[in-house]
Structures are given as structure tokens and as C-alpha cells.
């Protein structure tokens, strides 16, 4: 941080000392043609100052505070834009930095590009379609100006060397279209603007180097496959604004050779629907689902490394088949609200082939059989579901028997997990 602030001060001092006088001289004579010598001097000064910006960027990239970095880059880009466009230009550093406004015609992109609005933009605002094969391998950093309203489908797809994307902190952008960054295999991080309400289908599909994503505070929908096969994205926070997470949103396609993916997901307080296979192939071990959840799609969590699930009761909740099946490491299901019979009805058909849950239910086989008869639970309700719904009662009874001096029930070593208010209660 100190290194960056020192370089920033040096850059500002240099610009004030050598650049301002030149600009003032040109403004005074703005009705006249600028002499060739003066034009060459202006271009020379531009390039000299740009070298400082390169050093600033290298220093800024070392700072871990991503919000600070995004704001500083925005300030830097806005100054670089003014510098590049002064005297009718668009470039700095011999096509190292370039400003784009409107449709591109026969113009090669630079390593760093500032894309300016107004309105929505597409790939034609960044690259010339006639020479697309040359261009898509070059761009490393992209900055989108404040008045851009949206990124159209596949705007930046397959920009293989694109590493960083920055939006103006007060960006007006409200939508990221389908496949906007699909296949950007070098993209490392992005802060999604706070006015974005939808991240469309496949927006970041296959961004295998993506490590840091901050989702804007007004995003309501994460569409199908939005972050599918983002192998290095280990942690993400879902803000309270998000209501819908569509199918395969965070899926890692093991069948295609992908591995890794999410380890931790937080938030999801107001999510109302999870589509099918949302988390298949990920490495999540603990998840808490909120009270507004109305639907969990088929195979949503199937076959992953979950050890702990927290569910809150909702009368409208529907759980599709196989949503929670084949969870071999699962041992703890915290059920909040509702009662045992309601949970049995909700969980019917779930938690099949969950080995550790099966082993726990076997320890209470006799008690589960009595509960089944007493409550007239049909045989299409598994022992595992009855165990999950009645776990607290079963283990409390077992503890009481132990205190009395004898019991045939083998008590799980991790029984203490229920002390912190396990629910449901009758």
C-alpha cells in the first residue's frame, strides 16, 4: 500500500509539473493549428507519463483489498482516458492502452482498453469482427465506463488473455448478458456493479482461473451455468438480493475432466429457488439454506462432500428427487422450525445412499420401528428420513438411558452437535 501511494504521489507531481503548462499553451491557441513540433512534444509527454501509470498498475495489483483496487483503477483509467484523448488521440504507449467509443472499424485493440458508453455494448465495441482471430488473444485488462448500461451476449467471450475486468464504482450497468465472459480462461477477478440485477446464462462459464467474485447488492438472479466450471472459485457470498439460482449455476463437470470448485458459500438468506444440479461436483462441506426457500431442484447437492446441512421449515418448500442423495460424508442435518411429522413429509425420498446417515439410523433401528408404527409412516418413508427428523429425540432418550446405567444403543461420538439447539421439537 505504501509503495503504491508513494508512486501515485510521484505521478501526480510529474503530471502537474510538466504536463499542465503544455496543456495551457495549447488551450490558449486552440483556434489555431497546433504546430507539428508541439504535437510531437504532446505525444512524447503522453508516453512518458504513461510509463508511470504502468508502474502504478504493477504496484496496485499487489494490494489485497479488492474494493480499494477497483476504485483506484477506476480513477486511474479516467485520468488515462483524458490523457489519451487529449489532442484527438485514443492511444497511449503505442497501443498499450486504448479508448473505444462506438463501433470499431479496422482498429486493433490494445493490451489495456477502456470501453465507454453510453448505452449497451457488444463485441463490436471492442474488436473488429474482420480480424477477430488476431484480436481476442491480446486484451489483458478491460475497463467499462460509468454510462454503459449493459454487456450484450458474448461481448468478451473467449478473450483468452483477459485477466482483469473493472467497472466504474458508480456504473449504470444493470445486466451482464449470456456468455459475456465465457471461456475467458485467464480471468482472475471481478466486482459486479451494484446496479446489475441479472447475471445471465453462462456468463462466466469455463473461467477456470477465476478466484475472486464480488456479486453486486442488487443482483436478483444467477442464471443457468453462470459460474459453471469455475474450478478455482473457492468462496462466494450470495447477497440478500438474490432470489433465484438456476440450474448448474456452480456445477463442476467431472465427466468432462473438471475438478475443484466451491468450498464455501455464504449468504443465500432470501433465495427462493435452487435449480437442478446447482452444486454438483463442488467441494462444499457446510451449507445453510434460508427460510424463504420454496424449491430445491433435482440432484441439487447430489454426490458432493457435504458434512452439514441446515434447513429452515417452509410450508411451501418442494424438494425434487435426488436433491440430497449420495452424500457419503453427511452426518449433521439441522432442521429449524416445523415439527417431526412435517419434516418427515418434506424429506420423503431424500438422503438415499448417504452412508454415514444410514449407519447412524441403524443404531436406532428398534426405536425407528416403534416411531414408524406409532405414526403410521408407510414403507416409502426411509429409516434415514425418520432418523433425521427424530434425531434429537432419539439421542436424548439414549442419553437418559445411559444415565440410568444401561442401554444397548451405541451413542455416536459427535452427539454434542445437538446441544446448540438442534430442531425440530415436538
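Here are the numbers for the structure shown:
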{"read-out": "Separation between Cα centres of the stretch 371-393 and the stretch 278-347, rounded to whole Å", "value": "17 Å"}
{"read-out": "Contour minus Cα-Cα distance for residue 341 and residue 263 (0.36 nm per residue)", "value": "24.8 nm"}
{"read-out": "Stretch gain in nm, segment residue 218-residue 147, where the contour uses 0.36 nm per residue and the Cα spacing is subtracted", "value": "23.8 nm"}
{"read-out": "Rg/Rg_ref, the stretch 115-219, where Rg_ref = 2.2 N^0.38 Å and atoms are Cα", "value": "0.97"}
{"read-out": "Which of 366, 124, 72 has the fewest Cβ neighbours within 10 Å, and the rest in rising order", "value": "366, 124, 72"}
{"read-out": "Sites residue 75 and residue 320 - FRET efficiency at Förster radius 41 Å, r taken between beta-carbons, to 0.05", "value": "0.30"}
{"read-out": "Descending semi-axes in whole angstrom, ellipsoid equivalent of the stretch 218-278, from the Cα gyration tensor", "value": "21, 13, 8"}
{"read-out": "Gain in span if fully extended, residue 65 to residue 393, counting 0.36 nm per residue against the direct Cα distance", "value": "113.4 nm"}
{"read-out": "Estimated inter-spin distance, residue 256 and residue 3, nm [label 7 Å along Cα→Cβ]", "value": "3.8 nm"}
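FYI, it's all coordinate maths here, none of it is from the lab. Since we're looking at a predicted model, the values are computed, not measured. No Cβ is skipped: glycine too gets one built from the backbone with ideal geometry, and neighbour counts run over all protein chains shown.
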